[in-house]
Amino acid sequence: MSTSSGLFWVGALMIGAAVLSPSLSSQEEPVVSEDGDKPSDRPRAAAATTPSVSGVANQRITRSFDGHFYVTAQVNGVPIRFMIDTGASMVALSAEDAERANVPLDGRVGIARTAGGDIEMTQTRIDSITVGGLTARAVRGAVIEEMDHSLLGQSFLSQLQSVEISGDTMTLR
């Protein structure tokens, strides 16, 4: 699969993935912290209105020559390169990246109905994702066999105080 068609499939997948994950939504929501506290150590914020961030940490990312933003994050302590996809409903890992980061598959295989057709994914929860000084725990995700690289989607990004793009710079807070 070419990189461009792979990106189309994965981007389109994330649109339908939330519909296929009702059992994940009842589990503990991820919490982002600068200092790595456990979710149980922090008061829970209202998911729709207040991000679960203590303090402010800025991570500035420069746009790549291809027009996308990329960042290397620590997934369960293993460095993984992500394309940041603000339109993806959840984090999507390539099978290779999931294996390297020791991300368990929960066995729930789903089919995401996308604009480009159906694509198979396996649901998961990622123990931790760290970008700069921000750590999210118990992040909803999917593992996709035919994906060329991993996407950092809303199951991580929505936990931040803000995601801003100004010119060729994205700032995560």
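The values are calculated or read from the model by the stated rules, or taken from the named source; none is laboratory data. Since the model is a prediction, treat every value here as computed from it, not as a measurement. All Cβ positions, even for glycine, are placed from backbone atoms using ideal geometry, and neighbour counts span all protein chains on display.
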field: Those residues of the range 44-89 which are at pLDDT below 95 and of a type in the set (A, V, I, L, M, F, W, C), in sequence order
entry: A45, A46, A47, A48, V53, V56, A57, A88
task: Go through the residues of the range 145-155 one by one and say whether even a single one is crowded, with 20+ Cβ neighbours inside 10 Å and acidic (D, E).
output: no
Residue ID - surrounded by the most Cβ atoms within 10 Å (Cβ to Cβ), chosen from residues in the range 156-171 that are over 16 Å from the mean Cα position of the chain (by Cα) and part of a loop (DSSP other than H, G, I, E, B): D168
task: Go through the range 78-108 and give me each residue that's without any contact (Cβ under 8 Å) to a residue 24 or more places away in the chain and exposed (fewer than 15 other Cβ atoms within 10 Å of the Cβ).
output: P79, E99, P104, D106, G107
